[in-house]
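Computed from the coordinates by the stated procedures, all read-outs in this text should not be read as laboratory data. What you see is a predicted model, and the numbers here were worked out from it, not measured in a lab. Cβ atoms come from the backbone with ideal geometry, glycine included; neighbour counts cover every protein chain shown.
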Amino acid sequence: MRITVLGCGSWGTALALVLARNGHDVVLLGRNPDEISGMRSHRENFRYLPGFILPETVEVGYLTDPPTDADFVVAAMPSRAFREVIGLEGLSELLRRVPLLIASKGLDVTSSRLLSDVALELHPNITAGVITGPNLAIEMVRGIPTAAVAAFEDQATTDYVRQAFVSGAFRVYRSDDRCGLQLAGALKNVVAIAAG
């Protein structure tokens, strides 16, 4: 598969590495010119995931210049940047044709709405789903076993997208509760802090 990952922080970079290790071609997009230049020349995300080399199957580029083709798109930016990034004009045509998998955790900062609702507001009639779980980027790239859950309205789309991530160390299970998964992802840190 050819997969576009929006956001080259620790989470986006980790997901790009998981996908590349599974044999997929990945386009990892960010906005900081210094970080992108460093990742292109040194094949490493020094700021967020130092010590992990990006395979040659990971192409690094700019959010303002997304590719025109992909099998699906992963949104992995912080939730506070979700509306701005997903609203980029260059993504409209691509998102009309391929599924959007939201890996960002949290709610929209301006409206407190679910991120899938924001995506559908900005791009009506797209196929939007989510992936979430108790995952840490550093553990994923180290190959420490972990799991996540993915959900689209359509089970076939869920299976299509989740299979791209599944490996010996990363299991992705299926759900049909897109809303519940997003709320769980947004509230998990609040509960963890409250629990001490």
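How much length, in nm to one decimal, is gained on full extension between R80 and E93, taken as 0.36 nm per residue of separation minus their Cα-Cα distance?
Answer, rounded to one decimal: 2.4 nm.
Under a crude label model (7 Å from the Cα following the beta-carbon direction), how far is R171 from D117 in nanometres?
My value for the distance between the label points is 3.2 nm.
Given a Förster radius of 25 Å and the C-beta distance between T64 and Y160 as r, what FRET efficiency does 1/(1 + (r/R0)^6) yield to the nearest 0.05?
So the FRET efficiency works out to roughly 0.35.
Report which label in (1) 16.6; (2) 20.4; (3) 17.5 holds the value of Kirkwood radius over Cα pairs in Å derived from the coordinates of this structure.
Label (1) holds the value from this structure.
For segment 58-114, rounded, prolate or oblate, judged on the Cα gyration tensor with a ≥ b ≥ c (square roots of eigenvalues), a/c < 1.5 rounded, else prolate if a/b > b/c?
Taking the square roots of the gyration eigenvalues as a ≥ b ≥ c, segment 58-114 is prolate.
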